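Asker: I have a structure here, written as structure tokens, and I will follow up with some questions on it.
The values are calculated or read from the model by the stated rules, or taken from the named source; none is laboratory data. Keep in mind that this is a model prediction, so the values were computed, not measured. A quick note on method: Cβ atoms are made from the backbone with ideal geometry, for glycine too, and the neighbour counts reach across all protein chains shown. The protein model used for the area step is the full one, side chains on, heavy atoms only, and it has no ligands, DNA or RNA in it. Shrake-Rupley method; radii C 1.70, N 1.55, O 1.52, S 1.80 Å.
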Amino acid sequence: MAKSDVDISPQTNLRELVAAMPIAAAVLTAFGLGCSGCGVSSAETIEQGARAHGLRAEPIVNALLVARETGKVPAIAESDRVAERRAPGSFTGRAKIAHIVPVMSGKGGVGKSLVTALLALGLRRRHLKVGVLDADITGPSIPKIFGLHTPMRIEPDPTRTNPRGQPQPLMTPALSRSAIEVVSANLLTEQEDTAMVWRGPILTGVIRQFYEQAQWSDLDVLLVDLPPGTSDAPLTVLQSLGIDGVVLVTMPQALATMIVRKAANFIHQLKKPILGVIENMSYFVAPDTGTRYEIFGPSYADAVADLAQAPVLARIPIDSRKAELADAGRVEEIDDPICDALATALLDAIAAHPKEPETVSLL
Ligand code: ADP
């Protein structure tokens with residue numbers, strides 16, 4: 001296709017545009033839309049991508065038209081690159097977050113963080129506004145999976161003061177390539193690998209701050225990556241955030257099933273719904289023969305779902321490519337139908353559990 005034939009309008013699909021006109025990737029990156037290479041872009045137009053990033057589509061289309069003619073990335077005004085966010089002064093309370101879904105596991109290492117990221121990607125592909133609150137404070141891995149390294153901006157919140165009259169801090173969530181908002185303890189300092197040693201009460205306080213004192217957008221879904229197990233931190237989240245219900249992540253091991261039983265009891269005692277069970281690392285399909293192997297033993301997903309009294313939302317296979325991309329901070333390049341399947345199953349489960357009006361408030 002000749003360069004001038006490439007169609008550029010707000011309705012142009014991002015992935016197709018970059019395929020037809022490679023310089024478009026550089027233009028989009030200049031606007032902070034690094035998502036042209038990611039799995040979300042195949043489902044997104046310029047207008048949708050701009051909106052997700054809080055930008056106007058018009059300057060992006062104009063810059064792309066110039067690039068099409070000149071073959072160069074034009075200069076871009078700072079004001080066109082900066083998201084239209086609420087000014088701190090206009091932040092008068094909590095954002096309207098439609099659905100809050102904590103993702104929980106009985107023990108560490110079952111892939112809870114990767115599953116949380118895949119859920120977020122699937123929801124984003126449906127053009128929903130998604131945030132991830134990384135409440136796994138002592139082992140925060142969400143920023144690493146999304147390749148986020150720059151600490152969050154923290155400024156004084158003029159609308160809120162502590163009892164001594166000092167303004168409270170207000171955090172701006174980091175924005176991933178595909179415009180997923182992320183708040184994490186790993187984004188508080190430059191030093192990513194600083195081991196955070198928090199005492200219990202401080203830890204739960206930090207999670208509450210991540211919810212209350214972050215300038216979240218009006219999100220459709222906020223996923224909360226909980227610390228593994230049934231400690232005070234998950235308890236706080238389950239009790240004090242107006243959650244829709246919990247997603248339980250497990251893997252096929254008899255021991256994991258026992259631990260999940262404990263987690264399910266914990267959630268039931270708090271009288272919170274379990275939206276469903278996701279069995280990760282469920283099986284492995286040999287790429288050459290297509291044979292399915294149950295590496296960690298037979299699936300316990302149905303047994304776990306029985307004791308959780310909730311449906312199996314998905315079984316996710318072992319896939320080293322996904323792990324590699326996640327470990328390299330490029331999780332958004334995963335373009336896999338499992339993301340859509342996860343999002344569909346989660347949205348159905350949310351719809352099946354209408355949220356009770358909030359009774360507990362942090363304020
Ligand atoms: P958790 O949050 O439960 O501690 P992580 O999400 O950090 O676990 O996953 C632990 C490790 O397992 C990571 O290196 C991750 O990439 C890998 N992993 C998770 N799920 C899968 C999968 N389905 N296939 C292959 N590797 C996986």
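Asker: Which residue, Ala264, Ala50, Ala352, tops the fluctuation ranking in a GNM of the chain built on C-alpha contacts under 10 Å?
Answerer: Sorting by GNM fluctuation, first place goes to Ala352.
Asker: Can you order the peptides 54-66, 271-283, 117-129 by their average number of other Cβ atoms within 10 Å per residue, highest first?
Answerer: 117-129, 271-283, 54-66
Asker: Let me ask something else about it. Run the simple label-point estimate for Asn265 and Thr161 please: 7 Å along Cα→C-beta, distance reported in nm.
Answerer: 4.9 nm
Asker: Please report the accessible area of Phe210 (heavy atoms, 1.4 Å probe, ligands and nucleic acids excluded) in Å², nearest 10.
Answerer: Accessible area of Phe210: about 0 Å².
Asker: Suppose only helical runs count, i.e. DSSP H with n ≥ 4. What mean residue ellipticity at 222 nm does that imply for the chain under -39500 (n - 2.57) per run, divided by all residues and rounded to the nearest 500 deg cm²/dmol?
Answerer: For the chain, the value works out to -10000 deg cm²/dmol.
Asker: Taking only Cα atoms of the chain, what ratio of Rg to Rh do you get with Rh as the Kirkwood inverse-distance radius?
Answerer: Working: Rg = 21.2 Å, Rh = 21.5 Å.
On the Cα set of the chain, Rg over Rh gives 0.99.
Asker: Using heavy-atom solvent-accessible surface (probe 1.4 Å) with all chains present, what is the largest-first order of Ile318, Ile338?
Answerer: On the way: Ile318 45, Ile338 25 Å².
The most accessible residue leads, giving Ile318, Ile338.
Asker: Most fluctuating residue of His353, His53, His99 in a GNM of the chain with Cα springs under 10 Å: which is it?
Answerer: It is His353.
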